[in-house]
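Colleague: Dropping a structure here in structure tokens format, bear with me for questions.
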Amino acid sequence: MKRIFTSLLFIFCLTVTNVFSQAVIKFEKSTHDFGTFPEEKSLTTIFKFTNTGDQPLVISQVVTSCGCTVADYTKTKIEPGKSGQIKVTYIGKGKPKGQFRKNIIVRSNASNATARIWITGNMTIKD
């Protein structure tokens, strides 16, 4: 009886540990400000992140809020403690001038499954 109880306790602990094991995505920064720039320039920034969880992190999708923003991201598994990046480019040519704030939605298998990062700036008329 004691062996059965010990075995069941061991299996329970193993199951509970696996249930609470997850990837966690942690960004170095969540916003990047491009400042003021002329409309003919395309600007790029890198958002670096680390998997601070204890399971591999997989980014399933990165969605930009408009066609003026393009994102490329690490598509391989990011092991615990390792890092990846999301490269975001803003292409303002032909878009309304002035201040902007664009969000990028990052979907993954992390405990924080949907994360948002932002780019901001002030695009001026071409001289």
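Colleague: Can you confirm whether residue 35 is at positive phi, more than 11 Å from the chain's Cα centre (by Cα), modelled with pLDDT of 95 or more and not in a strand (DSSP E or B)?
Modeller: no
Colleague: Something else: Suppose we filter 86, 104, 91 for residues that are among the hydrophobic types (A, V, I, L, M, F, W, C), within 18 Å of residue 42 (Cβ to Cβ) and more than 15 Å from the chain's Cα centre (by Cα); which single one remains?
Modeller: Among 86, 104, 91, only 91 is among the hydrophobic types (A, V, I, L, M, F, W, C), within 18 Å of residue 42 (Cβ to Cβ) and more than 15 Å from the chain's Cα centre (by Cα).
Colleague: Going by the structure shown, is residue 67 out of contact with any Asp or Glu (no Cβ under 8 Å at 6 or more places or on another chain), modelled with pLDDT under 95 and loosely packed, with under 14 Cβ neighbours inside 10 Å?
Modeller: yes
Colleague: Select from segment 96-123 the residues that are over 17 Å from residue 71 (Cα atoms), part of a strand (DSSP E or B) and among the polar types (S, T, N, Q) and list them in ascending order.
Modeller: Selection gives 99, 122.
Colleague: Only one of these conditions is not met by residue 73: (1) surrounded by 17 or more Cβ atoms within 10 Å (Cβ to Cβ); (2) under 23 Å from residue 21 (Cα atoms). Which number is it?
Modeller: In the conditions (1) surrounded by 17 or more Cβ atoms within 10 Å (Cβ to Cβ); (2) under 23 Å from residue 21 (Cα atoms), residue 73 misses (2) alone.
Colleague: Output the residue which, of all residues in segment 63-83 that are of a type in the set (Ser, Thr, Tyr) and under 12 Å from the mean Cα position of the chain (by Cα), is nearest to residue 46 (Cα to Cα).
Modeller: Among residues in segment 63-83 that are of a type in the set (Ser, Thr, Tyr) and under 12 Å from the mean Cα position of the chain (by Cα), the one nearest to residue 46 (Cα to Cα) is 73.
Colleague: Run residue 19 past the list (1) within 21 Å of residue 112 (Cβ to Cβ); (2) modelled with pLDDT under 95; (3) assigned to a strand (DSSP E or B) and report the number of the one that doesn't hold.
Modeller: (3)
The values are calculated or read from the model by the stated rules, or taken from the named source; none is laboratory data. Values in this document were obtained by computation on a predicted structure and should not be read as measured data. As a convention, Cβ positions derive from the backbone with ideal geometry for all residues, glycine included, and neighbour counts pool all protein chains shown.
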